[in-house]
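Okay, so here's the structure we're looking at.
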Amino acid sequence: MSAARPQAMKLADYRQPDFLIPALFLDFELHDTQTRVTAVSKVRRQGTHSHPLILDGEKLQLVSVEINGETVSAQATEKGLCLENVPDEFELRIVTHIDPLNNTSLEGLYKSGSAFCTQCEAEGFRKITYFMDRPDVMAKYQVKITADRQTYPYLLSNGNKIGQGELPDGKHWVLWEDPFFKPCYLFALVAGDFDLLEDSFTTASGRQVALELFVDKGNLGRAGHAMASLKKAMLWDEQRYGLEYDLDIYMIVAVDFFNMGAMENKGLNVFNSKFVLADPASATDEDYFNIESVIAHEYFHNWTGNRVTCRDWFQLSLKEGLTVFRDQQFSADMADPAIVRIKQVQVMREHQFAEDAGPMVHPIRPAEVMEMNNFYSVTVYDKGAEVIRMLHTLLGETGFRQGMDLYIARHDGQAVTCDDFVQAMQDANGIDLTLFRRWYSQSGTPRVEVETLYDDKRQQFALTLRQHTPATADQQDKLPLHMPVAIELIDETGSQQHILSLTESSQRFELACKGEPTLAVLAGFSAPVKVDFAQDSQELLKTALYGQDDFLRWDAAQQLLSESIHASVTDANSSLPEAVLALFSGTLDVAAEKPALAAEMLALPSFETLAQQKPHIHVDSLLAARHSVKMQLAEAFAGQWKSLIKVAPDQSYAYQREQVQLRRLKAVCLTYLAELPDSEAILQQGYQHSDNMSDTLAILRACQSANHRLFEPLMQDFEQRWGQDSLVMDKWFALHGSRQHPNSLASLQLLTGHAMYSINNPNKVRALIGSFAFYNTAGFHAADGSGYRFVTDYLMKLDAVNPQVASRLITPMLGFSHLDSTRQDLIVQQLARLLNHEPLSRDLYEKVSKALH
Ligand code: ARG
Ligand code: ZN
């Protein structure tokens, strides 16, 4: 790629399309290596101009082009097709051949096992046929699929089935019609043989919707939870947002080869099987939770994404930030709201703050993009959802709902921008959101400094908030932002909550308070910021043990733990501070009553979270410090760990709130217990008696993180039992990949040759190599650079197979400014090797070139 460097596209350069394509007929004759695609479009010039019609197309073999029935000669380039002097309105017929079997990028039409399936978002449709592959070109689709009847009994596409027939040569065909206009990224096709779980849902207005869930043969017993989740999501969207489903059929297909989690194609979602399949023996509570939330996410896209879609890809957060926020609200209603919130905040602090600190930093609405797939990021998704949440906090539930109603009413059937969304919120509520809009264009993690003063005489509590956003790699100058800062004041008489609206770089607030209170800031993580508030450990302890808000209690506990870990970095012999001991004994005392919150409060902050708290870290000493704190806590509360693991549910496994809470508490206790010398029998028995994957995995994880000698025999046993089960083996690969052990590289090498491993399957790559790069801190950051070299070598191979997956895997190599200079040099060496590697995908080029800049 060094010859022709990929160019960035800019939001500022957006122009409306020169042509519109209101109708498209697609005819697929499926074949492994030579599928024939006939695309018949109605094309209409938009505006007065004489520009050519430019169609996107990649990796296509062009067979013929006809305009109004007459063959035209057209020369295709690597990027597409340019048709000069076309009429103002015409029928365009293009025939192409494609090779799904050898399409390892899993973008466009490809094979997952023996089935055909598609993934078009963001720009994959251009790998199927020549088309204007942009979301503001919306068409009504008819799709005809022809294939062998025996191998492909199910031929699926968007919308309703309007015809089918048999052919003499053992083939059959099906014709689909989608009555809604849609951009091509929402097109989908699936052909294969599946087990089918059928159900139905009656909408609020009384319409019957057929629900169909397609899974690999033999997996019907694992499909029930996904179906139940879908029905919950459909009901929830009616009740919370008044939004009903709009077609007569909703189909979900689970496939094993998938780049992301799932895809919201109109009426035909395609899912990574890991977000569909579950039963107690093979899936954890976390899997059950994730399935419910991803099923809901894709369903909610039907309105926020499909009925109202994006004008261009810079607006991705319009649908993703909003839909993540909606699925978060749904999850909070289905499960434990405080715990759900804690998990989301952990994602922000571990991953989004890290993205802000690295070379790929971007605003939730990026201004420049080289490869769109690189922007399906924690910033666009999760920070995007945080921005929507701030609107919800500022406007309140009713105001937010009014804004949503107006947004949908105004823009149904359109392709719009983030600005259109904020405008609807503004108009429906009659407030000025000018300042708030800066969240869409400004990148980086803001810092909010807190200073307090209590006036005894006037009984007034004064609070000064100062905000500033440090410069980021993409943007020097930053402006103050509009953010809600939720606080809690705890005094003798109880506690009071307030939401302060911060708009200036410095602002002072006064609150009446009888007696000097303890202040806790950022309740519910009301804004995606870092807080600088020097509080002594007694204050933090008070919040952790006596606060009202569960999130704030957890947050205070995490701060106490983080501080004691950072303190033992500087003083290796330091013993645990009194406040931490008091935190643990206070929390353990009430653990049986509030098991879910206790579990989170007793869990140590992850290495990645700790690393984000300091501008500079030393990997080895931070790891050692975290371990030493863990050891001291394990020993100090040895008796409690042993007795608490007995609080487990006594009924057989169900994914049910009380049970999940107890299992989670038990899992945290086990991580401490496993550090104790006399834990072997308990762990061994726990493993043997477990009747569900949550408990089994809790034991394995505890053994892994304590480097317990049981780890290897248990892992061998696990492999014996589950060796043929692809999804379960991903858990096994991940445990190996993230195991911090002197031989981790050798074992990684070996495992890439395992019968169940394949570089072509993204789930396997993420499980093994991904968990090494992201979570095997000691191995990845090995002082001799061997971890960095291993990942780089692997990326070179993977990039040729699947650049999208390679580009996600490189993330841990990007943010290195907080590491010591030796490690920085080692990473830079490897990145330089990558930059010179040929060919290098646009995906990796964008990231590597920015990192080396
Ligand atoms: N729209 C999908 C979702 O969030 C994600 C698909 C992204 N795919 C990609 N190749 N970048 O549910
Ligand atoms: Zn989405």
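The values are calculated or read from the model by the stated rules, or taken from the named source; none is laboratory data. Please read these numbers as outputs of a predicted model, since none were measured by experiment. Cβ: placed from backbone, ideal geometry, glycine included. Neighbour counts: every protein chain shown.
For the reader, a short list of remarks on this structure follows.
- Tally of residues being within 12 Å of ligand 1 (Cβ to nearest atom), among the β-branched types (Val, Ile, Thr) and in contact (Cβ under 8 Å) with a residue 60 or more places away in the chain across the range 292-322: 2
- A search for C-beta distances below 8 Å between a residue of the range 153-178 that is farther than 20 Å from Asn265 by Cβ and any residue that is among the acidic types (Asp, Glu) and exposed (fewer than 11 other Cβ atoms within 10 Å of the Cβ), counting only pairs 6+ apart in sequence or on different chains, returns His172/Glu166.
- Within the range 19-47, the residues that satisfy the criterion of being part of a strand (DSSP E or B), among the hydrophobic types (A, V, I, L, M, F, W, C) and within 20 Å of Leu101 (Cβ to Cβ) are Leu26, Phe28, Val37.
Conditions (1) surrounded by 23 or more Cβ atoms within 10 Å (Cβ to Cβ); (2) farther than 25 Å from Asp474 by Cα, marked per residue:
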residue	(1), (2)
Tyr775	no, yes
Gly779	yes, yes
Ala782	no, yes
Pro812	yes, no
Gly815	no, no
Gln830	no, no
Asn836	no, no
Ser849	no, no
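- Of the residues making up the range 201-236, those that are in a helix (DSSP H, G or I), in contact with a helix residue (DSSP H, G or I) (Cβ under 7 Å, 6 or more places away or on another chain) and small (Gly, Ala, Ser) are Ala226, Ser229, Ala233.
- Inspection of the range 343-353 identifies no residue that is of a type in the set (A, V, I, L, M, F, W, C), within 16 Å of ligand 2 (Cβ to nearest atom), part of a loop (DSSP other than H, G, I, E, B) and in contact (Cβ under 8 Å) with a residue 24 or more places away in the chain.
- Among residues of the range 566-579, those that are outside any loop (DSSP other than H, G, I, E, B) and surrounded by fewer than 23 Cβ atoms within 10 Å (Cβ to Cβ), counted: 6
- Residue list for the range 427-461, filter: without any contact (Cβ under 8 Å) to a residue 60 or more places away in the chain and among the small types (Gly, Ala, Ser): Ala428, Gly430
- Top-ranked residue in the range 59-85 [being in contact (Cβ under 8 Å) with a residue 60 or more places away in the chain and surrounded by fewer than 19 Cβ atoms within 10 Å (Cβ to Cβ); ranked as farthest from ligand 1 (Cβ to nearest atom)]: Leu62
- In summary, no strands (runs of 3 or more DSSP E) completely within the range 109-200 bear 3 or more residues that are of a type in the set (Gly, Ala, Ser).
- Considering the range 278-290, the residues that are among the aliphatic types (A, V, I, L, M) and crowded, with 23+ Cβ neighbours inside 10 Å include one that is farthest from ligand 1 (Cβ to nearest atom), namely Ala283.
- Among residues of the range 505-556, those that are more than 13 Å from Ile487 (Cβ to Cβ) and among the aromatic types (Phe, Trp, Tyr), counted: 2
- The conditions of being buried (at least 18 other Cβ atoms within 10 Å of the Cβ), touching a Phe, Trp or Tyr at 6+ places or on another chain (Cβ under 7 Å) and not in a helix (DSSP H, G or I) are not met by Tyr672.
- So Asp825, is it among the charged types (D, E, K, R), assigned to a helix (DSSP H, G or I) and either surrounded by fewer than 21 Cβ atoms within 10 Å (Cβ to Cβ) or out of contact with any helix residue (DSSP H, G or I) (no Cβ under 7 Å at 6 or more places or on another chain) (or both): yes
- The set of residues from the range 769-783 being free of Cβ contacts under 8 Å to residues at least 60 places away in the same chain, part of a loop (DSSP other than H, G, I, E, B) and among the small types (Gly, Ala, Ser) comprises just one member, Ala782.
- Of all residues in the range 236-268, those satisfying the criterion of being more than 14 Å from ligand 2 (Cβ to nearest atom) and among the hydrophobic types (A, V, I, L, M, F, W, C) are Trp236, Leu243, Leu247, Ile249, Met251, Ile252, Val253, Ala254, Val255, Phe257, Leu268.
- For beta carbons closer than 6 Å, sequence separation of 6+ or different chains, a first residue in the range 369-380 that is modelled with pLDDT of 95 or more and a second that is more than 10 Å from ligand 1 (Cβ to nearest atom) and part of a strand (DSSP E or B), the qualifying pairs are Val369/Met9; Phe375/Val369.
- Any chance Asp419 is more than 16 Å from Phe300 (Cα to Cα), surrounded by fewer than 21 Cβ atoms within 10 Å (Cβ to Cβ) and over 14 Å from the mean Cα position of the chain (by Cα): yes
- Selection from the range 489-533 of residues that are basic (Lys, Arg) and not in a strand (DSSP E or B): Lys514
- Counting only residues that are among the aromatic types (Phe, Trp, Tyr), more than 26 Å from Arg389 (Cα to Cα) and modelled with pLDDT of 95 or more, the range 516-552 holds 0 of them.
- Qualifying position, being among the acidic types (Asp, Glu) and buried (at least 21 other Cβ atoms within 10 Å of the Cβ), among Glu371, Glu350: Glu371
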